[in-house]
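Colleague: This is the structure I want to talk about, given as structure tokens.
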Amino acid sequence: MSDTTPSSTAGPVVLDVWCELQCPDCRSALDDIRALRARYGDRLDIRLRHFPLEKHKHAFAAAQAAEEAFEQGHGWPYVEAVLARTEHLAEQGEPALIEAAGELALDTDEFETALIDGRHILIVDADQAEGKAIGVTGTPTYVIGDERLDGGKSQEGLRERIEAIADRLLAE
């Protein structure tokens, strides 16, 4: 993560984004995530949390692939690449995940191996279990501070609410 935070010992505010990489609503949420990154930089730690939905056949594999991308140092660019092609993922499945990795010059052999050996399954399962425990039912869902915001129903006004909470937490 970050080495040091100048003149602050509290560290960044954490925003957990419960996401599913075959979800069109999560694709729409990317604009808000980019805007939050631009506004807050290192003061807001935006963490991807996996919540694959059963209705999307390739979501669990996509979550594992995203973890491999984070391991290879290109997690968010990979997440954005996969979300940009949710229809392609629905049609092609795992080959679409490998293709996205290749376009980002990631180690595609390692992606294939990770999807076969399941090395990231425990992370995905743990995220999903934690999400269920805190009441996540759909994606995207945001958790910042002690507040859960459901973006699956509507993205309308969510970024402003997240910014208000982040500003309050950063001022504390």
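The values are calculated or read from the model by the stated rules, or taken from the named source; none is laboratory data. Note that the structure is predicted; figures quoted are calculated from it, not measured. Neighbour counts run over all protein chains shown; Cβ positions are idealised from the backbone, glycine included.
Colleague: What single numbered condition from (1) loosely packed, with under 12 Cβ neighbours inside 10 Å; (2) more than 18 Å from the chain's Cα centre (by Cα) fails to hold for Ser154?
Modeller: (2)
Colleague: Something else: Quick check on region 30-66: of everything there that is within 10 Å of the chain's Cα centre (by Cα) and not basic (Lys, Arg), which residue is nearest to Arg159 (Cα to Cα)?
Modeller: Step by step, filter region 30-66, then rank; the result is Ile33.
Colleague: Counting only residues that are aliphatic (A, V, I, L, M) and within 17 Å of the chain's Cα centre (by Cα), which one in region 157-172 is modelled with the highest pLDDT?
Modeller: Filtering first and then ranking leaves Ile162.
Colleague: Between Glu163, Glu99, Glu91, which is of a type in the set (D, E, K, R) and exposed (fewer than 12 other Cβ atoms within 10 Å of the Cβ)?
Modeller: Within the list Glu163, Glu99, Glu91, the selection yields Glu91.
Colleague: I would also like to ask the following. Is it the case, given these coordinates, that Arg159 is among the charged types (D, E, K, R), out of contact with any Ser or Thr (no Cβ under 8 Å at 6 or more places or on another chain), in a helix (DSSP H, G or I) and in contact (Cβ under 8 Å) with a residue 40 or more places away in the chain?
Modeller: So Arg159 passes the test.
Colleague: A follow-up question, please. Would you please name the residue that is farthest from the chain's Cα centre (by Cα), looking only at residues in region 118-151 that are among the polar types (S, T, N, Q) and buried (at least 19 other Cβ atoms within 10 Å of the Cβ)?
Modeller: Across region 118-151, the extreme among qualifying residues is Gln128.
Colleague: Could you list, in sequence order, the residues of region 134-156 that are closer than 16 Å to Leu83 by Cα and not in a loop (DSSP other than H, G, I, E, B)?
Modeller: Listed by number, the list holds a single entry, Thr141.
Colleague: Moving to a separate point now. Any idea how many residues of region 60-94 are over 19 Å from Thr139 (Cα atoms), at pLDDT below 95 and not in a helix (DSSP H, G or I)?
Modeller: Count: 1.
Colleague: Of all residues in region 105-117 being in a loop (DSSP other than H, G, I, E, B) and either among the aliphatic types (A, V, I, L, M) or under 18 Å from the mean Cα position of the chain (by Cα) (or both), which is surrounded by the most Cβ atoms within 10 Å (Cβ to Cβ)?
Modeller: Result: Leu106.
Colleague: I would also like to ask the following. If you scan region 124-150, which residues turn out to be among the polar types (S, T, N, Q) and either farther than 16 Å from Val14 by Cβ or free of Cβ contacts under 8 Å to residues at least 40 places away in the same chain (or both)?
Modeller: Hits for region 124-150 are Gln128, Thr137, Thr139.
Colleague: Name the residues in region 72-123 that are without any contact (Cβ under 8 Å) to a residue 40 or more places away in the chain and among the polar types (S, T, N, Q), would you?
Modeller: Selection gives Gln72, Gln92, Thr108, Thr113.
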